[in-house]
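Working notes for the structure below.
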Amino acid sequence: MKRVMTLIVVMSVLLFSQLALAQLQLRVGEPVLTEVGEVQDQAAAAAGFKIIPLQAFTVRASDGHPQASWQLLEEYYFRALFVVSGTGSYYSRVKFTDIKTGLSGHFPKTGPHNASSGVIYEIQSLLSAEPLPGVPVQLPRQLMLTYEFKVGATWKAVSTKIWYYEP
């Protein structure tokens, strides 16, 4: 009987925690890659192709100001800086995690993207969220946004936290 009760409690927790993340419909745009500047000499490129994530941050699309708190129905850019060693190609994707529940999901990977040694790159995607019709949203909600990079079979990532709140 204890096992049955434990199973019921665990299933209930899993069901209700998944509903919490399902309140928001997140949208992501195609990533845009730009070069920021030179940082390494070519001798560092001999070690093979590597991506080293540096920093992730978000800015409001309307004015470009950095933001850690987001309003629903507004657009923001999620940006990540990374440096490349060597020359090659990689894939990228955006992942989101609900801090409260631990549930996460990711958008489909994009790529392959080509990059060459010694340059700091910025990759950015336009993100927005809106509540699902007929589903009450419990805000504020803290999310972790992660930009992931795949070279070969290895994923590397850089993250930042944001708060969604009602305007």
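Report the trypsin sites (Lys or Arg not before Pro) located in region 64-167 that are in a DSSP loop and have at most 14 other Cβ atoms inside 10 Å of their Cβ, or state none. Intermediate results must be reported in sequence, preceding the final value.
Details: sites: 79, 93, 95, 100, 109, 141, 150, 156, 161; in loops: 100, 109.
Sites meeting the loop and neighbour criteria: 100.
Using a Förster distance of 22 angstrom, determine the FRET efficiency expected from the C-beta separation of residue 161 and residue 62, and round it to 0.05.
Values: r = 21 Å, r/R0 = 0.97.
That gives a FRET efficiency of 0.55.
Mind checking which lysines have their C-alpha under 29 Å from residue 161, skipping anything on the same chain fewer than 8 residues away?
50, 95, 100, 109, 150
Modelling each spin label as a point 7 Å along the Cα-to-Cβ direction, I'd like the residue 106/residue 35 distance in nm, to one decimal.
That separation, rounded to one decimal, is 2.8 nm.
If you put +1 on each Lys and Arg Cβ and -1 on each Asp and Glu Cβ, how big is the dipole of region 73-132 around its Cα centre, in Debye rounded to 20? Numbers along the way, then the final one.
Values: 5 positive and 5 negative charges, 58 e Å.
Its charge dipole is roughly 280 debye.
On a straight-distance basis, which aspartates and glutamates could pair with residue 156 in a cross-link, Cα separation under 17 angstrom, same-chain partners fewer than 8 positions away excluded?
122, 148
Kindly give Rg over Rh for region 65-167, based on alpha-carbon atoms, with the Kirkwood expression for the hydrodynamic radius. Let's see the in-between values first.
Values: Rg = 15.5 Å, Rh = 15.1 Å.
A ratio of 1.02.
The numbers here are math on the coordinates, done by the rules we state, and not lab data. Values in this document were obtained by computation on a predicted structure and should not be read as measured data. Every residue, glycine among them, receives a Cβ derived from its backbone with ideal geometry; neighbour counts consider all protein chains shown.
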